[in-house]
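> Structure below; questions to follow.
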Amino acid sequence: MYSVYVLISFRDHRLYIGQTNDLHRRFAEHCRGDVLSTMSRRPLKILFVESFLTRLEAVRREKWLKSGAGRMELKRIIEPSLNKYKYIHK
């Protein structure tokens, strides 16, 4: 199984979207600061996860969620959580 996940930074309140075949390992890497794009944005929290059978599906969904229309869809889905964390839309 592959997962597309959305993290929120408690430091800058921005979202990070990624995909992996091992969500627990990948989140631990983010938390330790092993991921360059999130190392200065810690601490982080997982807001949203979707699962897929193939990596291709996960990569396509990640790419869609990173697009303008995809970010708007994502924002609608996780809006209650975004309000709680003062999300900055970019």
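The values are calculated or read from the model by the stated rules, or taken from the named source; none is laboratory data. For clarity, every value in this text was computed on a predicted model and none was experimentally measured. Every residue, glycine as well, gets a Cβ built from its backbone with ideal geometry; the counts of neighbours run over all protein chains shown.
> Can you tell me how many residues in region 21-37 are surrounded by fewer than 18 Cβ atoms within 10 Å (Cβ to Cβ) and at negative phi? Full working, then the answer.
Let us first name the residues in region 21-37 that are surrounded by fewer than 18 Cβ atoms within 10 Å (Cβ to Cβ), namely 21-22, 24-25, 28-29, 31-34, 36-37.
Retained after the next criterion (residues that are at negative phi): 21-22, 24-25, 28-29, 31-32, 34, 36-37.
The total comes to 11.
> Here's another thing I want to ask about it. Given (1) modelled with pLDDT under 95; (2) of a type outside the set (A, V, I, L, M); (3) surrounded by fewer than 15 Cβ atoms within 10 Å (Cβ to Cβ); (4) out of contact with any helix residue (DSSP H, G or I) (no Cβ under 8 Å at 6 or more places or on another chain), where does His89 come up short, assuming only one miss?
Here His89 meets the rest and fails (4).
> Take region 30-87 and flag every residue that is assigned to a helix (DSSP H, G or I), basic (Lys, Arg) and over 12 Å from the mean Cα position of the chain (by Cα). Explain how you work it out, then say what you get.
Taking region 30-87 first, the residues assigned to a helix (DSSP H, G or I) are 30-32, 39-41, 55-65, 68-77, 79-84.
After this cut, where a residue has to be basic (Lys, Arg) as well, the list is 32, 41, 55, 60-61, 63, 71, 75-76, 84.
Listed by number, the residues that qualify are Arg32, Arg41, Arg55, Arg60, Arg76, Lys84.
> Out of the residues in region 4-45 that are touching a residue at least 40 places away in the same chain (Cβ under 8 Å), in contact with a helix residue (DSSP H, G or I) (Cβ under 6 Å, 6 or more places away or on another chain) and of a type in the set (A, V, I, L, M), which is nearest to Ser81 (Cα to Cα)?
Among residues in region 4-45 that are touching a residue at least 40 places away in the same chain (Cβ under 8 Å), in contact with a helix residue (DSSP H, G or I) (Cβ under 6 Å, 6 or more places away or on another chain) and of a type in the set (A, V, I, L, M), the one nearest to Ser81 (Cα to Cα) is Ile17.
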